[in-house]
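Heads up: the structure comes next, in C-alpha cells.
Every number in this text was worked out from the coordinates using simple rules, so none of it is lab data. Everything numeric in this text was worked out from a predicted model, so none of it was measured. We place every Cβ from the backbone using ideal geometry, glycine too, and count neighbours over all the protein chains shown.
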Amino acid sequence: MKRIKLVIAYDGTNYCGWQKQPNAITIEEVVNKHLTRLLGENIEVIGSSRTDSGVHALGNVAVFDTETKIPAEKIAHALNQKLPKDIVIQSSCEVPLDFHPRYHKSCKTYEYRILNREYPLPTMRLYSHFVYKKLDIDKMQEAANYLIGEHDFKSFCSIKAQVQSTVRIIYSLKIHREGDEVILRVRGNGFLYNMVRIITGTLIKVGLGMTEPDHVANVLASKERMIAGPNAPANGLTLVNIEYDYEGDQNNK
C-alpha cells in the first residue's frame, strides 16, 4: 500500500464544488471515478480544501491509497488522459502513509479577482466579480490590515459552518490593481466556510466608500456575521496553492 499526493487545478464553473454530494457533479466525484477506472481499484481521494460551487483552483491537494504498480510520478500523466479538460492534475508523488492533506501543518493562498471598470467583459465573467464603481484600494488595504494575525474570525464565517474553533491566522492580505482588475491575495493557516468571500465582500464596501476602514476592526471584534459584508460571488475566487510544513510569519503585510 502506498499513498499518492495529487496537486489538482480546475475550473469550478460546471461543478457543485469539491466535495461529493447527491444529485450533483463535483470535482471529487469526477477524480474518484477516473482514478478507479485507471487503477482498477475503488479509489476515494481525501482533499485538502473543500472549495464551494463555482470556485476555481490552481493547486488544490488530494491524497489516495493504492496498491498500483504504476510509478507515482506517472499517475498525473495517465489520469489527465481520462479527465475532462476543466480538471488537470499538475503533479503526483508518493508521500508517507500518515500524511493527511487537511491536518498536516500548511499555508493556503487564495486570490479573489474583481473586474473594476465601467462595463463588464464577457471573457472574464466566469473568473472575476464585476464592480463598475471605482474601488479605493488604499482604503481597502488599510481595512485589510486589521485582519492580519491570529484572530477569532467568527464574523467572517457562514452560519452553516460546523467547526470547533473559529480562530485562524492570516499571514498576509494584499490588495493591488492590475489594469482593470483589483486582486486580493490572502495567505493563512486555514479558512472558515465562505471566509475569503465574506472578507472580500466586506472590503468591497470599504472600497466603495460605504464604510470606513476601521469598521473592519469593529466587525472582527463583534463576532457577528450580520455586521460583516455580503458573500462576494464564488466565480472570482481561486485557490492558488497549499504549502505544507509552513512555519509562517506575521510580518508580511
In Å, the Kirkwood estimate of hydrodynamic radius for the chain over Cα pairs equals 19.1
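Which value in deg cm²/dmol, rounded to the nearest 500, describes the helix-derived mean residue ellipticity at 222 nm for the chain, given -39,500 (n - 2.57) per DSSP H run of n ≥ 4 and division by the residue count?
Numbers: 5 runs with 51 residues, N = 253.
Dividing the helical sum by the residues of the chain leaves -6000 deg cm²/dmol.
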Proxy exposure order for His104, His77 (fewest C-beta within 10 Å first) is His77, His104
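Going down the table (Lys2/Lys174; Lys20/Lys134; Lys5/Lys85; Lys2/Lys105; Lys85/Lys133), which pairs top 30 Å between alpha carbons?
Details: Lys2/Lys174 39 Å; Lys20/Lys134 39 Å; Lys5/Lys85 20 Å; Lys2/Lys105 21 Å; Lys85/Lys133 35 Å.
Distance filter (> 30 Å) returns Lys2/Lys174; Lys20/Lys134; Lys85/Lys133.
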Taking segment 2-95, the equivalent ellipsoid from its C-alpha gyration tensor has semi-axes in Å, biggest first, of 21, 13, 12
Taking Cα atoms, the helix 195-207 axis meets the longest principal axis of the chain at an angle in degrees (rounded to 10) of 30
Once phi for every residue in segment 66-80 is put through the Karplus expression 6.51 cos²θ - 1.76 cosθ + 1.60 (θ = phi - 60°), the whole-Hz ³J(HN,Hα) values, with Gly and Pro written as x, are 8, 9, 4, 8, 5, x, 3, 6, 8, 5, 4, 5, 5, 5, 5
Rounded to whole Å, √(5λ) for the Cα gyration tensor eigenvalues of segment 106-244, largest first, gives 23, 17, 14
Rounded to one decimal in nm, the spacing of the 7 Å Cα→Cβ label points at Leu58 and Ile183 is 0.7
For the chain, longest principal axis from Cα atoms; helix 27-39 axis from its Cα atoms; angle between them, nearest 10 degrees, is 20
Expressed to two decimals, segment 171-253 has a Cα Rg over Rh, using the Kirkwood radius, of 0.96
Simple spin-label estimate for Ile227/Thr36, 7 Å along Cα→Cβ, in nm, reads 4.7
